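Report on the structure given below.
The values are calculated or read from the model by the stated rules, or taken from the named source; none is laboratory data. Everything numeric in this text was worked out from a predicted model, so none of it was measured. Backbone-built Cβ (ideal geometry, glycine too); neighbour counts: all protein chains shown.
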């Protein structure tokens with residue numbers, strides 16, 4: 001299944017909650033989720049009873065859209081989560097949080113995960129001093145994430161540097177705001193994962 005390239009605000013309206021694909025716009029009254037409280041489509045709200053399978057599928061799709069992950073990638077992440085000790089659902093969310101594009105977003109380098117993924121793909125981000133342009137790269141504890149030296153001369157870097165003071169960095173990451181250098185201190189706990197996802201429904205979906 002190819003990556004969704006349509007209007008992302010439509011996805012937020014379909015699920016009835018913000019997924020913060022548009023960055024700053026999501027925090028303003030212009031956000032379509034705030035302006036329109038109904039799902040997209042001419043028929044409005046459906047009165048049809050929602051089945052357990054539908055709820056499980058919708059939760060899995062919501063997680064995919066929030067983190068911008070393809071179906072095949074999501075299946076691989078879930079398989080890896082099952083192999084790890086502990087709860088599969090929490091392991092899955094932890095893996096999604098440790099993706100490089102998400103870490104770049106959490107460090108405040110980008111206004112959204114979509115923008116963070118673009119920065120990574122364009123080679124602006126380094127991991128332990130090496131340019132890494134794979135958004136799905138799983139960052140390890142102790143690794144240092146920062147901007148490529150050449151990218152520090154770009155207007156994008158200057159904009160991030162000016163706005164970084166207003167960003168809230170989660171406790172499992174550290175950031176030097178003067179050099180925009182971040183480090184992964186540990187894996188995130190379930191309480192530190194802000195995404196409104198019920199991982200139990202995703203586990204139930206794959207357990208069918």
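Before moving on, here are some points about what is shown:
- Index of the failed condition, residue 151 passing every other in (1) within 20 Å of residue 95 (Cα to Cα); (2) part of a helix (DSSP H, G or I); (3) in contact with a helix residue (DSSP H, G or I) (Cβ under 8 Å, 6 or more places away or on another chain): (1)
- Single match in 104, 156 (criterion: at pLDDT 95 or above, outside the structural domain of residue 74 (by TED's automatic domain parsing) and assigned to a helix (DSSP H, G or I)): 104
- Just one of the listed residues (123, 86) is more than 17 Å from the chain's Cα centre (by Cα), surrounded by fewer than 17 Cβ atoms within 10 Å (Cβ to Cβ) and within 16 Å of residue 188 (Cβ to Cβ), namely 86.
- Taking the criterion of being within 17 Å of residue 69 (Cβ to Cβ) and not in a loop (DSSP other than H, G, I, E, B), the only residue of region 127-147 that qualifies is 138.
- For region 173-194, the candidate set comprises residues that are free of Cβ contacts under 8 Å to residues at least 40 places away in the same chain and in a loop (DSSP other than H, G, I, E, B); within that set, the residue that is nearest to the chain's Cα centre (by Cα) is 194.
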